[in-house]
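Encoded as structure tokens, the structure appears first; notes follow it.
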Amino acid sequence: MKQYASSARIQATPEAVWAILTDSAGYGRWNPEISRVDGRIALGEKIKAHVVLHGGKVQPVTVRVTELDPGRQMVWTGGMPLGLFTGRRTFGIRPCEGGATEFTMQVHFSGLLSSLIAKSLGDRQPDIDALVAGLKKWAERQ
């Protein structure tokens with residue numbers, strides 16, 4: 001099992017942050033870790049996230065939107081059959097004083113092959129941090 005997490009206080013409303021997170025067509029404008037999302041971000045839908053790996057290689061990853069609590073949390077889940085590997089990406093937002101938003105991002109790998117897959121991907125923490133920083137910068141410009 002491997003987990004990465006990052007968070008930031010964003011000077012934008014939760015509604016504004018949520019709108020950015022659920023706009024699949026907009027990911028390439030602000031997100032250095034996911035260059036593109038194909039599909040509609042909605043509960044139960046399959047989407048394809050084009051994840052930028054170290055060295056600039058882009059890896060398309062098909063995931064399903066498994067949880068969607070509008071304005072609060074979204075979870076993307078993907079992996080391999082039989083529970084050999086499951087990747088789970090959780091986006092969370094919480095309102096703060098003054099109309100700001102606390103954003104949290106967690107990536108969790110589990111399953112029999114999770115250690116091997118995590119090792120092959122390298123350290124994802126800088127990439128998760130970059131996603132959070134990109135969201136903060138974009139949301140605060142809007």
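The values are calculated or read from the model by the stated rules, or taken from the named source; none is laboratory data. In this text the structure is predicted, and so the values were computed from the model without any measurement. Note: ideal-geometry Cβ built from the backbone for every residue, glycine included; neighbour counts use all protein chains shown. The area values use the complete protein model at the heavy-atom level, side chains included, leaving out ligands, DNA and RNA. Shrake-Rupley method; radii C 1.70, N 1.55, O 1.52, S 1.80 Å.
Among the residues of segment 26-40, those that are in contact with a strand residue (DSSP E or B) (Cβ under 8 Å, 6 or more places away or on another chain) and open to solvent by 20 Å² or more (accessible area, probe 1.4 Å) comprise Gly28, Pro32, Ser35, Arg36, Asp38, Gly39, Arg40. A single member of Gly98, Gly87, Gly83 is at pLDDT below 95 and closer than 25 Å to Leu112 by Cβ, and it is Gly83. So is Gly55 open to solvent by 40 Å² or more (accessible area, probe 1.4 Å), in contact with a Lys or Arg (Cβ under 8 Å, 6 or more places away or on another chain) and in a helix (DSSP H, G or I) or not? No.
Can you work out which of the residues in segment 76-99 that are part of a strand (DSSP E or B) and among the aromatic types (Phe, Trp, Tyr) is farthest from the chain's Cα centre (by Cα)? Quick ask: steps written out before the conclusion?
Here is the first cut: in segment 76-99, the residues part of a strand (DSSP E or B) are 76-79, 86-95.
Next, only the ones that are among the aromatic types (Phe, Trp, Tyr) stay: 76, 91.
Values: Trp76: 8, Phe91: 6 Å.
This residue is Trp76.
When segment 115-134 is filtered for residues that are of a type outside the set (D, E, K, R), over 21 Å from Phe91 (Cα atoms) and outside any loop (DSSP other than H, G, I, E, B), the ones remaining, listed by number, are Ser115, Leu116, Ile117, Ser120. The condition of being open to solvent by 70 Å² or more (accessible area, probe 1.4 Å) and not in a helix (DSSP H, G or I) holds for Leu112.
Residues that are within 12 Å of the chain's Cα centre (by Cα) and of a type outside the set (Val, Ile, Thr) were ranked within segment 100-123; the one that is farthest from Thr66 (Cα to Cα) is Phe103. State whether the residues of segment 19-31 include one that is within 29 Å of Lys119 (Cα to Cα), in a loop (DSSP other than H, G, I, E, B) and not aromatic (Phe, Trp, Tyr). Yes, segment 19-31 contains at least one residue that is within 29 Å of Lys119 (Cα to Cα), in a loop (DSSP other than H, G, I, E, B) and not aromatic (Phe, Trp, Tyr).
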